[in-house]
Amino acid sequence: MGNMATIRRDIGAGHHFIFDNTLVSQPNTEMFSPEFWQLQNKITGQAKGRGTTIFIEHENQHWVLRHFKRGGLVGKILSDQYFFNGVERSRPFEEFRLLEYMRGEGLLVPVPVAARIHRRGLIYRGDLITLSIPNSQDLHHVLCQQPLTKSEWRDVGRALARMHNCQVYHHDANIRNIMIDSNKQIWLIDFDRCSKRQGNSWKQSNLDRLLRSLHKEQAKNPVFHWAEGDWAACLDGYEELVKR
């Protein structure tokens, strides 16, 4: 997967950065601003989630910029504000470090480019930039158009098993956080609030979450190419690789 050269830099005024200096020579606050990229006419697209994810073309790189926002009832009050408990324990820094670890283990996850937090007193806000996954679509988009083959479903299961073999828990393992590229490779994305864990008891909850998301989207979408037999193939791929 290549070697990263990770550097942390604190520039004062509450700004803290972590970045790969093979991809970014000098981080600054502007690179985390959608308004800045809009003025540069560098935004190529966006996606809605808890917040808006921005796709950027910059110096022959394709970036994904995500501003950290809360969901649920808390999100309606605090929106993008988090309680500060140390720079390295901030959500952008933790996700950057986790992606760095997984890339080192050979997992197909986004390449972390840079993360930053801006602290004011006991509160911080944060952002993360990753490299875009070329020529890819999430499983929700794909399944609304066409079915996956049984072999592809087994590959989905294998991807989850590889993640679990690295003892990584995914907080939201749903079909929108699983990507398939033009080479039919399976990628996992969105590792906010994810972490390395001990033991095995938690792993089933990731599989249960994925199955719930399949049932949910099948009920919501008039055309959705998924059947219970596909889930059996996914589990076959998972059991083939997972370590007990």
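Name the pairs whose Cβ atoms lie under 6 Å apart, with the first residue in region 174-203 and within 12 Å of residue 109 (Cβ to Cβ) and in the same structural domain as residue 82 (by TED's automatic domain parsing), the second basic (Lys, Arg) and assigned to a loop (DSSP other than H, G, I, E, B), and 6 or more positions between them or separate chains?
Going by the 6 Å Cβ cut-off, there are no qualifying pairs.
Which of the residues that make up region 179-191 are part of a loop (DSSP other than H, G, I, E, B), surrounded by 17 or more Cβ atoms within 10 Å (Cβ to Cβ) and at negative phi?
189, 191
Are any of the residues in region 13-29 charged (D, E, K, R), surrounded by fewer than 18 Cβ atoms within 10 Å (Cβ to Cβ) and modelled with pLDDT of 90 or more?
no
Tell me whether region 143-153 contains one or more residues that are within 16 Å of the chain's Cα centre (by Cα) and modelled with pLDDT of 95 or more.
Our first condition is that a residue be within 16 Å of the chain's Cα centre (by Cα); within region 143-153, this holds for none.
No, region 143-153 contains no residue that is within 16 Å of the chain's Cα centre (by Cα) and modelled with pLDDT of 95 or more.
Checking residue 50 against (1) at pLDDT 95 or above; (2) closer than 23 Å to residue 172 by Cα: exactly one of these is not met. Which one?
So residue 50 meets the others, but not (1).
Residue 171 - would you say it is within 22 Å of residue 97 (Cβ to Cβ) and at pLDDT 95 or above?
Numbers: within 22 Å of residue 97 (Cβ to Cβ): yes; at pLDDT 95 or above: yes.
In short, yes.
Tally up the residues in region 92-119 that are within 19 Å of residue 33 (Cβ to Cβ) and either modelled with pLDDT under 95 or of a type in the set (Lys, Arg) (or both), please.
The number of residues fulfilling the criteria is 2.
Out of curiosity, is residue 65 in the same structural domain as residue 119 (by TED's automatic domain parsing) and at pLDDT 95 or above? I'd like the intermediate steps shown before the answer.
Details: in the same structural domain as residue 119 (by TED's automatic domain parsing): yes; at pLDDT 95 or above: yes.
So residue 65 fits the description; yes.
Suppose the filter is touching a Cys at 6+ places or on another chain (Cβ under 9 Å) and modelled with pLDDT of 95 or more; does residue 224 pass it? Quick ask: steps written out before the conclusion?
Numbers: touching a Cys at 6+ places or on another chain (Cβ under 9 Å): yes; modelled with pLDDT of 95 or more: yes.
Against the criterion (touching a Cys at 6+ places or on another chain (Cβ under 9 Å) and modelled with pLDDT of 95 or more), residue 224 qualifies.
Within region 199-220, does at least one residue satisfy the condition of being modelled with pLDDT of 95 or more, surrounded by 13 or more Cβ atoms within 10 Å (Cβ to Cβ) and touching a Gly at 6+ places or on another chain (Cβ under 6 Å)?
no
Looking at (1) within 19 Å of the chain's Cα centre (by Cα); (2) at pLDDT below 95; (3) over 28 Å from residue 134 (Cα atoms), find the lone condition where residue 74 falls short.
Condition (1) is where residue 74 drops out.
Residues of region 202-225 being in a loop (DSSP other than H, G, I, E, B) and in contact with a Phe, Trp or Tyr (Cβ under 9 Å, 6 or more places away or on another chain), which ones?
Within region 202-225, just 202 meets the criteria.
Got at least one residue in region 116-137 being under 24 Å from residue 216 (Cβ atoms) and part of a helix (DSSP H, G or I)?
No; the residues of region 116-137 include none that is under 24 Å from residue 216 (Cβ atoms) and part of a helix (DSSP H, G or I).
The values are calculated or read from the model by the stated rules, or taken from the named source; none is laboratory data. The model shown is predicted, which means the values in this text are computed figures rather than measured ones. Don't worry about glycine lacking a Cβ; one is built from the backbone with ideal geometry, like all the others, and counts go over all protein chains shown.
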